[in-house]
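For reference, the structure discussed in these notes is given below.
The values are calculated or read from the model by the stated rules, or taken from the named source; none is laboratory data. Note that the structure is predicted; figures quoted are calculated from it, not measured. Neighbour counts are summed over all protein chains in view; Cβ atoms, including those assigned to glycine, are modelled from backbone coordinates with ideal geometry. With ligands, DNA and RNA removed, areas are computed over all heavy atoms of the protein, side chains included. Shrake-Rupley method; radii C 1.70, N 1.55, O 1.52, S 1.80 Å.
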Amino acid sequence: MKLLKITLIATLCLSVFSCKNEKNSGEIKANTETSNELKIIPFEHASMILKYGDTNVYVDPTGESSAYEGFGKADIILITDIHGDHYNFKTLFEFDLESTLIIAPKAVADKFPKDFNPTYKILNNNEKTEAKGIEIEAIPMYNLREEALKFHPKGRGNGYVLTINNERIYISGDTEDIPEMRNLKNIDKAFVCMNLPYTMTVESAASAVLDFKPKTVYPYHYRGTDGKSDVELFKKIVNDSIKSINVELIKWY
């Protein structure tokens, strides 16, 4: 029994120190039963890396490019919209983009400077493509409230559904609880925004999630003009109705 206790304590200590040495303490690992595990590495707000085996999918990378050092270069970069918290040319310009494919809506590609010549593919709402063995579908993202229509008009930006290792992963981008979100099917992991005045309320986000029922949902992009949205309330609303939906609260700020 003493030996068992010592072993458990040693294991716990090792785990604690390992976590402290991680560059981002919000990292989530999934599919650990397989040799290729999906790692979700949040950076801030809307920026993250989805790392699967040797493939790195950067989502809306912004800020200092040095923050991404040590995570492996981007194989695919997904950009959802033209706003600075999603598209930052300075960040892209500082990356080594040789052998990197940028996928973005036309509104974003139109903002590339003339002397910026990366490999990129324009993907607009409801279009699909495949890269590095990953299927990528562009999902509409837009506002519904009259007072918010100016922020994200329909057709300009993309949410995305990625199929990685037979998992369907939804990234909402900046949107409200639109029919295209509510009608999603067979989503394993969902990243859902909730910040005012730009996207939607916690209650609207929870209502949409209860409609499309992802297996796991991650609140992200939840900082608005009046501070951060109440993600604990989001979790409560969802799980009060459907306990089987796993609501993961990870560190974005």
For this session: For the stretch 66-153, evaluate the Debye formula with one uniform point scatterer on each Cα (no solvent term) and list log10 I(q)/I(0) at q = 0.17, 0.24 Å⁻¹, rounded to two decimals.
Result: -0.80, -1.33
For this session: Could you tell me which of the pairs Lys132/Lys228; Lys51/Lys150; Lys90/Lys185; Lys132/Lys251; Lys90/Lys236 are separated by over 32 angstrom between their Cα atoms in the structure shown?
Result: Lys132/Lys228; Lys51/Lys150; Lys90/Lys185; Lys90/Lys236
For this session: Let me have the relative contact order for the chain, percent, based on Cα pairs under 8 Å that are six or more residues apart.
Result: 12 percent
For this session: Can you grab the distance from the C-alpha centre of the stretch 230-253 to the C-alpha centre of the stretch 132-152, Å, no decimals?
Result: 22 Å
Problem set entry | Per-residue [θ]222 nm for the chain (sum of -39500 (n - 2.57) over DSSP H runs n ≥ 4, rounded to 500) | -6500 deg cm²/dmol
Problem set entry | DSSP-defined beta bridges in the chain - what % are antiparallel, rounded to 5 | 60 percent
Seminar exercise, completed: The answer for Lys121, listing residues at least 5 apart or on another chain whose modeled amide H is closer than 5 Å to its amide H, is Ile102, Ile103, Ala104
Exercise. For the chain, what % of the accessible area comes from carbon and sulfur atoms, probe 1.4 Å?
Worked result: 52 percent
Problem set entry | the stretch 158-217-the stretch 31-102 distance, computed between alpha-carbon centres (Å) | 19 Å
Exercise. For the pair Glu147 and Ser65, how long in nm is the line joining their label points, each one 7 Å along Cα→Cβ?
Worked result: 4.1 nm
Exercise. Once a ≥ b ≥ c are taken as the square roots of the eigenvalues of the Cα gyration tensor of the stretch 196-253, is the result rounded (a/c under 1.5), prolate (a/b larger than b/c) or oblate (a/b not larger than b/c)?
Worked result: prolate
For this session: Evaluate E = 1/(1 + (r/R0)^6) for Glu203 and Glu98, where r is the Cβ-Cβ distance and R0 equals 30 Å; express this FRET efficiency to the nearest 0.05.
Result: 0.10
Exercise. Rounded to the nearest 0.05, what FRET efficiency do Lys111 and Asp226 have when you use their Cβ-Cβ distance and R0 = 35 Å?
Worked result: 0.75
For this session: Name the long-range amide H neighbours of Tyr142: under 5 Å, sequence gap of 5 or more, or other chain; modelled H, no Pro or chain starts.
Result: Glu176
For this session: Please give the contour-minus-distance gain from Ser241 to Asn166: 0.36 nm per residue of separation, less the Cα-Cα distance, rounded to one decimal in nm.
Result: 24.3 nm
Exercise. Short version: ³J(HN,Hα) in whole Hz for each residue of the stretch 88-103, in order, from phi by Karplus 6.51 cos²θ - 1.76 cosθ + 1.60 (θ = phi - 60°), x for Gly and Pro, what are they?
Worked result: 10, 4, 4, 4, 4, 4, 7, 6, 7, 9, 5, 6, 9, 9, 9, 10
For this session: Pop a pseudo-label 7 angstrom from the Cα along the beta-carbon direction at both Lys215 and Lys251 and give the gap in nm to one decimal.
Result: 2.7 nm
Seminar exercise, completed: Scalar couplings 3J(HN,Hα) for the stretch 176-185 by Karplus 6.51 cos²θ - 1.76 cosθ + 1.60 (θ = phi - 60°), nearest whole Hz, x for Gly and Pro, are 9, 7, 6, x, 5, 6, 4, 8, 4, 10
Exercise. Taking a probe of 1.4 Å, how large is the accessible area per residue of the stretch 40-111, in Å²?
Worked result: 37 Å²
Exercise. Amide H neighbours of Glu167 under 5 Å, counting only residues 5+ apart in sequence or on other chains, H built in-plane at 1.01 Å?
Worked result: none
